[in-house]
Amino acid sequence: MNKLFRIYISAFEGLSKESWMLSLIMLLNRTGGMVIPFMTVYLTTVLGFETDEAGLVMSCFGIGALLGSVIGGWLTDKIGAFHVQFFTLLFTAPVFIILSFLHTVQEVCVAIFVLSLINECFRPANSAAITSYAKKGNLTRAFSLNRMSINLGFSFGPALGGFLASISYSWLFYGNSITTFLTSVVFFLYFFRRKERNEAVEETDQEVPSTEEHEGSPYLDKWFLVFSFFCFLYACAFFQLLSILPMYYKEDLGFGQQQIGFILGFNGLFVVIMEMIVVQYAESKFNIYISIILGCLSLLIAYAWLLADHSMMSCYISMMFLSLSEILVLPFISTVAAKRSSEKKRGAYMGVNGLSISMAFIIMPYLATKLIKNYSYDHLWIINVILLVIAVSGFLFTKKKMPLHEN
């Protein structure tokens, strides 16, 4: 037990103070992000939207996120990560309150688009900041610490959100607004005029060879775009966690708000406990692509499990595999983007990295809800399994074309 505890503690050693603070900011921000996992449930049960109308709203969320990724990456390169992060946090707060007063499909679509546009600008700026403040050799662990904070927030958020939603959804929206505003204040007080370390791209464990191809725009980096496409396929399956799975638990399985919150919260709790250990082990034992491929296979198992059994226990087991997939994929695709880019183009590369995820948010919610309406959730899980088989094949192909060198 003591040995296991020492291994766990060692996974956190050597990280910079700024990396810890960026993770605290992300924890506060994501704890406040309790509305999004309950959005489809809110739309269908409180506002009375049809399933495909809820899918349309979430697709608008994806469109805003896509544009936010591009604009956020561009703004980060132009005005710096600090300004983009601060103003996106500040301007997101009032949108949550406005959203609580809207009731028609058109109004909610516009509001959710604006919300995701502003909110997603934060991601490439935050990723660039992690890269700038991470100590030498700690880039992937710095990303993992940040992701651990996201999931700790995602653990608290849905559990708290389920409790608040059982009282009133208005409490949910106001809680989001308050925590986002407080996060902007904490961020400003700590990072205003703080000097960057500028050491992050000089990792010692796994390097991407320096070529002229990735000194320029990521949109001209052929193999990085291919890599991003397969990240998009993975995201199509994984990020149903935020839109389709809550609706599945409610509509198909008949779970209550608090039960849904606990299952979603289990995802965050599992990642918080396991991510740093798993990432540290994966870094020492596997090539980055192998970690990503194992993560895709874990997500495939998660959806196959839902096909096999619909009990609550199976939902938790499926969520465990989904959470393991998250640990093995998301920090490492961010690391590939950071390593592939030059310092001047880091924000743009992070923007493309976010773009692949945002495209999934646009396309999949609408297509998935159409499929559910006309067929069933089980048909959707089969489609997810097929997408993940293609993604695994794609990452194996990209591994040969865009290799990562190991020292």
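The values are calculated or read from the model by the stated rules, or taken from the named source; none is laboratory data. If you're wondering where the values come from, they're calculated on a predicted model, not measured in any experiment. No Cβ is skipped: glycine too gets one built from the backbone with ideal geometry, and neighbour counts run over all protein chains shown.
Of the numbered criteria (1) surrounded by 16 or more Cβ atoms within 10 Å (Cβ to Cβ); (2) free of Cβ contacts under 8 Å to residues at least 24 places away in the same chain; (3) closer than 29 Å to residue 276 by Cα, the one residue 65 fails is (2). Taken over the range 35-78, the criterion of being within 22 Å of residue 161 (Cα to Cα) and not in a helix (DSSP H, G or I) is satisfied by 35, 46, 47, 48, 49.
Evaluate the range 108-123: report whether one residue or more is among the charged types (D, E, K, R) and either touching a residue at least 60 places away in the same chain (Cβ under 8 Å) or crowded, with 24+ Cβ neighbours inside 10 Å (or both). Checked against the condition, which is being among the charged types (D, E, K, R) and either touching a residue at least 60 places away in the same chain (Cβ under 8 Å) or crowded, with 24+ Cβ neighbours inside 10 Å (or both), the range 108-123 yields at least one hit.
Check whether at least one residue in the range 314-327 is touching a residue at least 24 places away in the same chain (Cβ under 8 Å), closer than 15 Å to residue 231 by Cα and not acidic (Asp, Glu), and report yes or no. Taking every residue of the range 314-327 in turn, at least one turns out to be touching a residue at least 24 places away in the same chain (Cβ under 8 Å), closer than 15 Å to residue 231 by Cα and not acidic (Asp, Glu). Filtered by the rule that a residue be of a type in the set (A, V, I, L, M) and within 15 Å of residue 334 (Cα to Cα), the range 291-311 gives 292, 293.
Of a type in the set (A, V, I, L, M, F, W, C), free of Cβ contacts under 8 Å to residues at least 24 places away in the same chain and surrounded by fewer than 22 Cβ atoms within 10 Å (Cβ to Cβ), is that true of residue 273? For residue 273, the condition - of a type in the set (A, V, I, L, M, F, W, C), free of Cβ contacts under 8 Å to residues at least 24 places away in the same chain and surrounded by fewer than 22 Cβ atoms within 10 Å (Cβ to Cβ) - is met. Of all residues in the range 375-405, those that are out of contact with any helix residue (DSSP H, G or I) (no Cβ under 9 Å at 6 or more places or on another chain) and either surrounded by 20 or more Cβ atoms within 10 Å (Cβ to Cβ) or more than 18 Å from residue 246 (Cβ to Cβ) (or both) total 4.
When the range 124-142 is filtered for residues that are in a helix (DSSP H, G or I) and either over 16 Å from the mean Cα position of the chain (by Cα) or at pLDDT below 80 (or both), the ones remaining, listed by number, are 129, 131, 132, 133, 139, 140, 141.
What number of residues within the range 241-258 are surrounded by fewer than 23 Cβ atoms within 10 Å (Cβ to Cβ), part of a helix (DSSP H, G or I) and modelled with pLDDT of 90 or more? Residues meeting the conditions: 2.
Residue 79 satisfies every condition listed in (1) over 19 Å from residue 153 (Cα atoms); (2) surrounded by 20 or more Cβ atoms within 10 Å (Cβ to Cβ); (3) not charged (D, E, K, R) except (2). When you scan the range 160-179, do you find a residue that is surrounded by 24 or more Cβ atoms within 10 Å (Cβ to Cβ), of a type in the set (Val, Ile, Thr) and in contact with a helix residue (DSSP H, G or I) (Cβ under 7 Å, 6 or more places away or on another chain), even just one? No, the range 160-179 contains no residue that is surrounded by 24 or more Cβ atoms within 10 Å (Cβ to Cβ), of a type in the set (Val, Ile, Thr) and in contact with a helix residue (DSSP H, G or I) (Cβ under 7 Å, 6 or more places away or on another chain). Of all residues in the range 24-67, those satisfying the criterion of being closer than 27 Å to residue 351 by Cα and of a type in the set (S, T, N, Q) are 29, 31, 40, 59. Can you find, within the range 79-101, the residue that is modelled with the lowest pLDDT among those that are out of contact with any Leu (no Cβ under 9 Å at 6 or more places or on another chain) and outside any helix (DSSP H, G or I)? Taking the candidates together, the pick is 80.
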